[in-house]
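Participant: Handing you this structure, nothing more for now.
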């Protein structure tokens, strides 16, 4: 009877079986690569930005964006840079100082101003993860370290409050199966600051956490005996992005 309950709660659903068979040890047709784009990131307090001008160290340095959105950069009269991208800031420095833009490099050294919130069975647990620019959900999960074995790959959603826009909240359903196995990026949502990501948990994982401590090793061993119930091969596509 106990064995039957364990098998029932091990997540042996037809959908997961099909996913396991579809993988079959073969590389999925399309794995979405990381897409963190620094050029799309808008500077804000208290981010740290670096401005480097070739052969002009006096006008180069690292600057913390203050509460007023300004940086202590005397060469430009301590300008307001909040809302700028690194590309637009480089062009601004080029124009103001009459230096070819090719000789100017602007980089974000420390992202501090915004975050994305993640909830559920993911490496590192529930937490706020610093926002680094336009980044799709698969890239974000990879950056977090991947999903835990108890994560439900069919239950991933992104909730966007839209408070700043004065709009109603939106909920995006993420189809990891379509993204990673079918090469369909339709639901590979580009994250925005302060999005909430919710990852569901498999029934077998919830059941395992409810077991007495002395039974948990046996339960984990059971999942290891029946690897079809624990599709780690597929989740590895999220943990280890292509080079």
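The values are calculated or read from the model by the stated rules, or taken from the named source; none is laboratory data. Owing to the predicted nature of the structure, the values given are computational and were not obtained by experimental measurement. Neighbour counts are summed over all protein chains in view; Cβ atoms, including those assigned to glycine, are modelled from backbone coordinates with ideal geometry.
Participant: Within 23 Å of the chain's Cα centre (by Cα) and modelled with pLDDT of 95 or more: does that describe residue 118? I'd like the intermediate steps shown before the answer.
Facilitator: Working: within 23 Å of the chain's Cα centre (by Cα): yes; modelled with pLDDT of 95 or more: yes.
So residue 118 fits the description; yes.
Participant: Looking at the range 60-72 only, could you name the residues that are part of a loop (DSSP other than H, G, I, E, B) and either within 29 Å of the chain's Cα centre (by Cα) or within 18 Å of residue 112 (Cβ to Cβ) (or both)? Break it down stepwise before answering.
Facilitator: First, the residues of the range 60-72 that are part of a loop (DSSP other than H, G, I, E, B): 60, 65-69, 71-72.
Across the range 60-72, the qualifying residues are 65, 66, 67, 68, 69, 71, 72.
Participant: As an exercise: evaluate residue 204 against (1) surrounded by 15 or more Cβ atoms within 10 Å (Cβ to Cβ); (2) within 24 Å of the chain's Cα centre (by Cα); (3) at pLDDT below 85 and give the number of the one condition it does not meet.
Facilitator: (2)
Participant: Quick one: which strands (runs of 3 or more DSSP E) sit completely within the range 87-160 and have at least 1 residues that are in contact with a helix residue (DSSP H, G or I) (Cβ under 9 Å, 6 or more places away or on another chain) and under 30 Å from residue 51 (Cα atoms)?
Facilitator: Working: elements: 104-110, 115-119, 127-130, 151-160.
The qualifying strands (runs of 3 or more DSSP E) are 104-110, 115-119, 127-130.
Participant: Test residue 97 against the criterion of being under 13 Å from residue 43 (Cα atoms), at pLDDT 95 or above and not assigned by TED's automatic domain parsing to the domain that holds residue 189, and give yes or no. Before you say what the answer is, go through the steps one by one.
Facilitator: Details: under 13 Å from residue 43 (Cα atoms): no; at pLDDT 95 or above: yes; not assigned by TED's automatic domain parsing to the domain that holds residue 189: yes.
Here the answer is no, as residue 97 does not meet what is asked.
Participant: Which of the residues that make up the range 166-180 are farther than 14 Å from residue 155 by Cα and in a loop (DSSP other than H, G, I, E, B)? So that I can check it myself, show each step before the final result.
Facilitator: We begin by selecting, within the range 166-180, every residue farther than 14 Å from residue 155 by Cα; these are 166-170, 180.
Answer for the range 166-180, where residues must be farther than 14 Å from residue 155 by Cα and in a loop (DSSP other than H, G, I, E, B): 166, 167, 168, 169.
Participant: Within the range 106-157, track down each residue that is free of Cβ contacts under 8 Å to residues at least 60 places away in the same chain and over 16 Å from residue 187 (Cβ atoms).
Facilitator: Selection gives 106, 123, 124, 125, 126, 127, 128, 129, 130, 144, 148, 150.
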